[in-house]
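Asker: Below is the structure I would like to discuss, written out as structure tokens.
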Amino acid sequence: MADLASAIWRLPSLPRVLPWPKSYAVLGFPIAHSFSPAIHRAAFAAIGWPGGYGRIEVDIGGLGSVIDRLKTIGFSGWNCTAPLKQEMLRLCDRRATTALRLGSVNTVRHENGVLEGHNTDGRGWVLAVEEDFSVSLSDLRILFLGLGGAGAALARQASWEGCPLLHLANRTASKALSLAREIESRSRVKLIPWEEAALLQAASNADLLVSSLAEDPPLLRNSGFLDRLLRPGLFVLDLRYWPPEPPLLEAARQRGARTANGLGMLLHQASLAFELWTCAPAPLSVMREALATALSARRGEKHAR
Ligand SMILES: NC(=O)c1ccc[n+]([C@@H]2O[C@H](COP(=O)([O-])OP(=O)(O)OC[C@H]3O[C@@H](n4cnc5c(N)ncnc54)[C@H](OP(=O)(O)O)[C@@H]3O)[C@@H](O)[C@H]2O)c1
């Protein structure tokens, strides 16, 4: 089992027989960084579920072949991360409302050849925001910085939560425009040009700033701009969790804002996936501890280099 636990499978090295009585995995590209195996293995052990959880590195082009193999040998379910979530929606036989609303699938249940797609990211994000900031998400005016796969999914979720105002800002304006058209019937939406004055104006009218930027552009490294963007009382969430305090959060904390990274969302989307698979309440404190342990181990590895 130790080998299975540390392996990264690719299509040629995928098991040909079921590795555990109930088998699960996380699929993505790249995948070595994922904390999902640590969280789910701890949770399975805590409730005595006969489950194991591996990791599979696969890109969009290879996803169909990997899925065929997982179906053939009888995996019970899997998680998908970037860049696979939209393609996984297409490959499912049934799509839960959560998946249809967000336009993507991060959790699959497999039974007798039928793939049922769900998305626990949206609700996981809501639970994380409410836990991290002790607020009700539906009361918040939100500025989304970045509308790639993750940012767009969360803006869709916010539009279903009844938030009073959503500011949509993305470097590539066409993505913000098409998303605004999609959700404006459910929410009050403002399109924000990707330039200094417009971003400052939007931030001054927001309670929560959500960054899902893959990297910080020069503007977000400019301390004069950050002095005007960030303020005491503003909630700032950066979906990244490595390093645990990304530069935007450090800047926000130094300016008196309340901050959170993406670990809460990672934890809560995992707990909801676990409940879909096992139909048992997730042992949240065990999962939280497993995540903290995995994070400390990664910190140790980085320092040892
Ligand atoms: N905590 C969690 O559970 C969780 C879940 C999902 C994702 N995430 C994290 O969220 C982040 C985004 O993931 P994703 O899947 O949404 O990625 P993605 O689809 O590649 O989107 C990346 C976003 O970053 C923007 N961007 C990248 N470089 C930029 C630059 N130099 N200037 C301005 N904008 C820039 C992109 O803008 P354009 O559209 O203009 O390219 C896009 O909005 C990743 O760090 C990921 O690890 C965390």
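The values are calculated or read from the model by the stated rules, or taken from the named source; none is laboratory data. What you see is a predicted model; the values in this text were computed from it and never measured. A quick note on method: Cβ atoms are made from the backbone with ideal geometry, for glycine too, and the neighbour counts reach across all protein chains shown. Keep in mind that these areas ignore ligands, DNA and RNA; they rest on the heavy atoms of the full protein, side chains included. Shrake-Rupley method; radii C 1.70, N 1.55, O 1.52, S 1.80 Å.
Asker: Scan the range 121-132 for residues that are within 13 Å of the ligand (Cβ to nearest atom) and either at pLDDT below 95 or open to solvent by 10 Å² or more (accessible area, probe 1.4 Å) (or both) and report the count.
Answerer: Residues meeting the conditions: 4.
Asker: OK, next. Here is a check on your reading of the model: is residue 185 more than 16 Å from the ligand (Cβ to nearest atom) and part of a helix (DSSP H, G or I)?
Answerer: no
Asker: Filter the range 59-77 down to the residues that are within 16 Å of the ligand (Cβ to nearest atom) and open to solvent by less than 60 Å² (accessible area, probe 1.4 Å) and list them by number.
Answerer: 63
Asker: So is residue 203 crowded, with 17+ Cβ neighbours inside 10 Å, assigned to a helix (DSSP H, G or I) and away from the ligand (no atom under 16 Å from the Cβ) or not?
Answerer: It is false that residue 203 is crowded, with 17+ Cβ neighbours inside 10 Å, assigned to a helix (DSSP H, G or I) and away from the ligand (no atom under 16 Å from the Cβ).
Asker: Sort out which residues of the range 247-276 are touching a strand residue (DSSP E or B) at 6+ places or on another chain (Cβ under 8 Å), more than 13 Å from the ligand (Cβ to nearest atom) and open to solvent by 20 Å² or more (accessible area, probe 1.4 Å), and write them in order of number.
Answerer: 253, 258, 259, 276
Asker: May I pose another question? Just to be sure, is residue 100 among the aliphatic types (A, V, I, L, M) and surrounded by 16 or more Cβ atoms within 10 Å (Cβ to Cβ)?
Answerer: Values: among the aliphatic types (A, V, I, L, M): yes; surrounded by 16 or more Cβ atoms within 10 Å (Cβ to Cβ): no.
It is false that residue 100 is among the aliphatic types (A, V, I, L, M) and surrounded by 16 or more Cβ atoms within 10 Å (Cβ to Cβ).
Asker: Within the set of pairs 6 or more residues apart or between chains, which connect a residue that is more than 17 Å from residue 125 (Cα to Cα) inside the range 269-287 to a residue that is buried (at least 23 other Cβ atoms within 10 Å of the Cβ) with Cβ atoms less than 7 Å apart?
Answerer: 277/24; 277/77; 283/43; 286/43
Asker: Check 142, 56 and return the single one that is hydrophobic (A, V, I, L, M, F, W, C), more than 24 Å from residue 236 (Cβ to Cβ), more than 14 Å from the chain's Cα centre (by Cα) and part of a strand (DSSP E or B).
Answerer: Details: 142 fails: more than 24 Å from residue 236 (Cβ to Cβ).
Unique residue meeting the criteria: 56.
Asker: Let me ask you something else. Of everything in the range 148-165, what is open to solvent by 10 Å² or more (accessible area, probe 1.4 Å) and either within 6 Å of the ligand (Cβ to nearest atom) or in the same structural domain as residue 89 (by TED's automatic domain parsing) (or both)? Give them in sequence order.
Answerer: Within the range 148-165, 148, 149, 150 meet the criteria.
Asker: Got a sec? Which of 168, 177 is open to solvent by 60 Å² or more (accessible area, probe 1.4 Å), within 13 Å of the ligand (Cβ to nearest atom) and either at negative phi or not in a helix (DSSP H, G or I) (or both)? Don't jump to the end; show me each part of the working.
Answerer: Details: 168 fails: open to solvent by 60 Å² or more (accessible area, probe 1.4 Å).
Selected residue: 177, the only one of 168, 177 that is open to solvent by 60 Å² or more (accessible area, probe 1.4 Å), within 13 Å of the ligand (Cβ to nearest atom) and either at negative phi or not in a helix (DSSP H, G or I) (or both).
Asker: Name the single residue that is least open to solvent (accessible area, probe 1.4 Å) among those in the range 106-115 being outside any strand (DSSP E or B) and more than 13 Å from the ligand (Cβ to nearest atom).
Answerer: 113
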